[in-house]
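Following: one structure in structure tokens, then a few remarks.
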């Protein structure tokens, strides 16, 4: 019995899946680094007034939600 798919097509399909996986991992790493950078910016810039503190708390909550989404957890 022979297979209907030639070996070349299987190799192309596996190569495509591997390439997509590598791109997805690179995008995820970039996303995590961007989130870390935003967290650093938020920690570095101290709020000076009440409105600034509210904005900072709102931004931190948004970052927590984005991290939950990136981790695949429903916030």
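All of the numbers you see were taken from the coordinates with simple rules; none came from a lab. What you are looking at is a predicted structure, and each value in this text was computed from that prediction instead of being measured. No Cβ is skipped: glycine too gets one built from the backbone with ideal geometry, and neighbour counts run over all protein chains shown.
Values computed for the structure shown
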{"read-out": "Extended-chain gain in nm, criterion 0.36 nm per residue less alpha-carbon gap, residue 59 and residue 24", "value": "10.0 nm"}
{"read-out": "Ratio Rg/Rh [Cα only; Rh per Kirkwood] for region 7-71", "value": "1.32"}
{"read-out": "Residue order, fewest to most surrounding Cβ atoms within 10 angstrom, among 41, 32, 67", "value": "41, 32, 67"}
